Amino acid sequence: MTDSVPVALTTPRPRRRLWQGILVGCLAVLVAIAALPNYVSGTWPWSAPLEVPRINQIQRLMDNPLSLPGWTLMNDEKVNIGRSRWHLAEYQPAQPTTPEIPGIVLLMRPQPWHTNQPEVEWVDLRGSQKWRVDNSRTFSFQVPKPGHGGSTENRATVTVNYFRGISDQRTFAVMQWYSWPQGGHPAPGRWFWLDQIRQWQHNQRQPWIAVSLLLPIEPVGDARLYEDLAREIGTTVQTALMAGPFEGMEES
């Protein structure tokens, strides 16, 4: 009786080596194509620290409050929250809102420098305000990109954390996200992957601004009743950021 031999073992070695050589060659070509722009320009991602494009535009938010259509700026100042410096601005609606609110508080922390990453902004805020948090959920909305019209393919997606924050003095409906030129998300991990992509594609870092929108509501009120209004204001804020501090940074 003749023992059967597995088919894979009967393949001639020269043929297997040929296919391995072809595979290695293809991989080498792909790596060369990816590296060619850096070779021609003489710049490499690891040769010098990469920078955020036009970071001065972002940093100016600390001194120049954001202009929001339909809202009147009443007060703005710099405040220390935890280990970070924030810009606080208070606005009143130019027209009555539904549901009615007396105004909003907009806290923003622009990226301080090229190497700063989003980390503990939400923890610092909750701790400083001593909020008891509930009614918490996550949702998304679409924002038209500046100069691209309102079609679906020309909209940026913003995902936010939304919750009720109750302190001993006041109750707020709170919406938070990290804003960037292409949209936004509350998770630092989402920024991390966008940053990696931008570094390899454009030799730049991914900019960000931490945004916390506070809508004062009745004591221990239901934040869910204010969700539509929060979406509307959040859209206004993100649109203003994309057309202002993030202008010209949309790529990637």
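Provide 228, 195, 222 in ascending order of the number of other Cβ atoms located within 10 Å of each residue's Cβ, fewest first. The partial results should precede the final answer.
Numbers: 228 11, 195 21, 222 14.
Ascending number of Cβ neighbours within 10 Å: 228, 222, 195.
Tell me which GluC sites (Glu not before Pro) from the range 86-159 have a DSSP coil assignment and no more than 11 other beta carbons within 10 Å of their own.
Working: sites: 90, 100, 119, 121, 153; in loops: 100, 119.
When the GluC sites (Glu not before Pro) of the range 86-159 are filtered for loop state and at most 11 Cβ neighbours within 10 Å, 100 remain.
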What is the order of 114, 87, fewest Cβ neighbours within 10 Å to most? 114, 87
What is the spin-label model distance, in nm, from residue 64 to residue 218 if the labels are put 7 Å beyond Cα along the C-beta direction? 4.1 nm
Between residue 187 and residue 92, what FRET efficiency comes out of the Förster formula 1/(1 + (r/R0)^6) with R0 = 25 Å and r the beta carbon distance, rounded to 0.05? 0.20
How far is it, in nm, from the label point at residue 128 to the one at residue 23 when both lie 7 Å from their Cα along the line to the Cβ? 5.5 nm
Using a Förster distance of 30 angstrom, determine the FRET efficiency expected from the C-beta separation of residue 196 and residue 76, and round it to 0.05. 0.30
HN-Hα J in Hz across the range 231-243 - Karplus 6.51, -1.76, 1.60, θ = phi - 60°, x for Gly and Pro: 4, 4, 5, x, 4, 4, 5, 5, 4, 5, 5, 5, 8
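Laboratory data are not the source of any read-out in this text; all were calculated from the coordinates shown. Quantities reported herein were computed from a predicted structural model and do not represent experimental measurements. Don't worry about glycine lacking a Cβ; one is built from the backbone with ideal geometry, like all the others, and counts go over all protein chains shown.
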